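**Q** I am attaching a structure below and will ask some questions about it afterwards.
Every number here is computed from the coordinates shown, using simple stated rules; none is lab data. All values derive from a computational prediction rather than experimental measurement. Cβ sites come from the backbone with ideal geometry, for glycine too, and all protein chains shown count toward neighbours.
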Amino acid sequence: MSDEVRAHTALHIIKGAIVKVLGEDANWSTSANVKDLHGRIAVEFNRKPTVEEIAEIGRQANAKVTEDAEVEIHNMSRSEAETRWGDLIYDKWPLPDHIQQVKVFHLPGWNVNCCGNKHTERTGAVGSIKITKTRYRNSKNVLEVSYDVED
């Protein structure tokens with residue numbers, strides 16, 4: 001399993017933890033980057049999270065890894081995905097209208113997102129997730145969370 005596949009799957013795990021801890025207001029990703037064992041996700045949010053909330057995001061993400069949950073990948077029509085999950089499958093950036101077939105990453109009860117990247121089959125294959133930096137950009141109402149994946 002490549003480092004980037006592990007780190008990309010971790011991105012979905014982190015996003016799920018962010019929403020679990022901070023609530024549905026933090027569901028909209030504004031950017032995401034993964035390189036090797038490092039990643040960063042930015043989500044719209046209306047305040048700077050507390051130190052305790054950031055620590056809880058890390059705890060919940062690693063609990064999901066330890067759970068070794070199955071990662072579901074669904075190839076389906078866009079309309080079927082929208083009917084099943086609504087706009088939860090989308091991020092802040094638009095999916096072009098001409099795309100009518102989508103690949104959906106799904107961790108039941110945790111995260112669902114249109115995503116064409118490769119993923120691990122189970123969360124346990126990711127390894128430990130360490131939040132390395134957070135930054136809240138008040139001018140944009142954006143929370144950035146950087147992380148590393150470790151063995």
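**Q** Taking springs between alpha-carbon atoms closer than 10 angstrom, which of GLY39, GLY124, GLY23 fluctuates most in the Gaussian network model of the chain?
**A** Looking only at GLY39, GLY124, GLY23, the biggest GNM fluctuation is shown by GLY23.
**Q** Taking θ = phi - 60°, what integer Hz values does the Karplus form 6.51 cos²θ - 1.76 cosθ + 1.60 yield along region 99-110, in sequence order, with x for Gly and Pro?
**A** So the Karplus estimates, Gly and Pro as x, are 7, 10, 10, 10, 10, 10, 7, 9, 10, x, x, 10 Hz.
**Q** Zone of ARG78 (label point 7 Å along Cα→Cβ, backbone N under 20 Å): which residues in region 90-112?
**A** 90-106, 112
**Q** Rounded if a/c is under 1.5, else prolate if a/b beats b/c, else oblate: with a ≥ b ≥ c from the C-alpha gyration tensor eigenvalues square-rooted, which is region 75-145?
**A** Since a/c reaches 1.5 but b/c is at least a/b, the shape of region 75-145 is classed as oblate.
**Q** Quick one, which of (1) 18.2, 55; (2) 18.7, 58; (3) 14.6, 43 is the actual Rg and Dmax of the Cα atoms in Å calculated for this model?
**A** The value matching this structure is (3).
**Q** What residue among SER139, SER128, SER77 shows peak mean-square fluctuation when the chain is described by a Gaussian network model with Cα springs under 10 Å?
**A** SER139
**Q** For region 83-109 and region 131-151, compute the distance between their C-alpha centroids and round to whole Å.
**A** Taking the Cα centre of each part, region 83-109 and region 131-151 sit 23 Å apart.
**Q** Here's a follow-up. Have a look at ILE89, GLY124, PHE45 and report the one farthest towards the positive end of the charge dipole of the chain, computed about the Cα centre with Cβ charges (Lys/Arg +1, Asp/Glu -1).
**A** PHE45
**Q** Under a point-charge model restricted to the Cβ atoms of Lys and Arg (+1) and Asp and Glu (-1), what is the dipole moment magnitude of the chain relative to its Cα centre, in debye to the nearest 20?
**A** Details: 20 positive and 23 negative charges, 96 e Å.
Here the chain has a charge dipole of around 460 debye.
**Q** Please identify, among THR123, THR66, THR83, the residue showing maximal mean-square fluctuation in a Gaussian network model of the chain using a 10 angstrom Cα cutoff.
**A** Checking each option, the largest mean-square fluctuation is seen for THR83.
**Q** Something else about it: Run the numbers for ALA55 and HIS98: contour at 0.36 nm per residue of separation, minus the present Cα-Cα distance, in nm.
**A** 11.4 nm is the gain from fully extending ALA55 to HIS98.
**Q** Mind scanning LYS35/LYS103; LYS35/LYS118; LYS15/LYS35; LYS35/LYS92; LYS20/LYS130 and naming the pairs with a C-alpha gap bigger than 19 Å?
**A** Numbers: LYS35/LYS103 21 Å; LYS35/LYS118 13 Å; LYS15/LYS35 17 Å; LYS35/LYS92 21 Å; LYS20/LYS130 17 Å.
Over 19 Å apart, Cα to Cα: LYS35/LYS103; LYS35/LYS92.
**Q** Under 5 Å between amide H atoms, partner at least 5 residues away or on a different chain: which partners does ARG122 have, H built in plane at 1.01 Å?
**A** VAL71
**Q** Could you work out [θ]222 nm for the chain from helices alone, using -39500 (n - 2.57) per DSSP H run of at least four and dividing by all its residues? Round to the nearest 500 deg cm²/dmol.
**A** The per-residue figure over the chain is -10000 deg cm²/dmol.
**Q** Taking only complete DSSP H runs, can you tell me which helices of the chain stretch 27 Å or more along their own long axis by Cα positions and average at least -1.0 on the Kyte-Doolittle scale?
**A** Once both thresholds are applied, what remains is 3-22.
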